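The numbers here are math on the coordinates, done by the rules we state, and not lab data. Since we're looking at a predicted model, the values are computed, not measured. Here the Cβ is made from the backbone with ideal geometry for all residues, glycine too, and neighbour counts use every protein chain on show.
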Amino acid sequence: MMQQIKQRRRVLGLALDGPTIWLSYLLLYVWPWVIEPPRPLEWQASLVAAPVFLVAYYLSFDLRGRAAWPGIAVIMLLSLGLGHLTAAASIVSLFAVMIAVQSQRGKVRRYWLIGMTAVTALCVVTGWVSWIFALGAVFFGALMAAATAANCQLQDQAEQLIRAQAQAEALAVMTERERISRDLHDIVGQSFSTIVLKSDLASRVFEDAPEHARKELEDINAVGRGALHEIRSVIRGLNQSTLLAATAQVRTLLDAADIELSFANSAENLPDSIEHALAMVMREAVTNVVRHAEASTCTIAIHERDGSIQMEISDNGRGGPIVFGHGLGGIKRRVADLGGVFEISAQTPRGVKISVNFQMDRGGRS
């Protein structure tokens, strides 16, 4: 739509970078006729050349590279042809110069300018055009070339800025999508794992311990409501998980899976971004322990040491080969986004250990 509007403005001559407005220079071609009426051959030749010039000019104005060559050549030949009749025809050569400068780049642009200058000089030497024609073509052509080159440079810079802005916007959108995807994966994964485990437990004890089953159903309701609230916060970009809330959630999940939790946290007053990352990593890592580890214990330790925050999560499960799927890949990207270090290794004799480390400048933190 914007391109169509721009084209309409150009055709109407309402845009400063459009072709029509520059035709006002042709007033300099007909101005001598006000002082002295043109000879019949002069105005007849001008009348015949006018439609040819307009077609070549409009068709080649927006072209680039080789496609503009025929238009440049036709306009320059018309200028030299009319130059045999009137020195004012040097004005026509300015349009060839303008199109050559804006359509060509590098050496090709210089070759065109040198070639047009050489042909003009040759026509002066042979007597085809006057030296006044050559002076006007070279002097005003040089001014036109400089002005057009400067305008092209500004346009190139503007296009680069537009492309850079578009790339930045696309990157921001991609980053936001990845953030939402990671947060939703971690939240939904842990919440549904808890719901599945508790619903299985409720179904097993429903007959023998209805009150216990009722308690599990109440927990399922609370987990579901909490997950719904967090999902809405993620979509709005307001989700900031805390270690306190994440600890309660993973404890609930591990209890439902009958996995003993050992938890220690000696870090205090963490930046919101790091605390959110640690909380989300903890939730995803514990979800993986419940789903895949077949463990009976899980240990989580968070401590601050020598200006760094480190969290270690280990289990005594089956271990085995470590496969990076969406979950572990999301943890790695989440940590890397904050400049942290993520490591995962198989334990001896059993289990898996995940380590996350963030460097933190206490003095420079707001």
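For Ile302, what is the net charge nearby, where nearby means another residue's Cβ is under 13 Å from its Cβ and Lys, Arg count +1, Asp, Glu -1? Once positives and negatives cancel, what remains is -3. In this simple spin-label model, placing a label point 7 Å from the Cα along the Cα-to-Cβ direction at both Thr126 and Ile35 gives a separation of 2.9 nm.
For region 201-208, backbone phi angles converted through the Karplus equation (6.51, -1.76, 1.60; θ = phi - 60°) give residue-by-residue couplings of 5, 4, 5, 6, 9, 4, 6, 8 Hz, Gly and Pro being listed as x. Sparse packing (at most 15 other Cβ atoms within 10 Å of the Cβ) combined with a DSSP loop state is found for the following chymotrypsin sites (Phe, Trp or Tyr not before Pro) in region 276-366: Phe324. Counting charges near Gln104 (Lys, Arg +1; Asp, Glu -1) among other residues having Cβ under 15 Å from its Cβ returns a value of +4.
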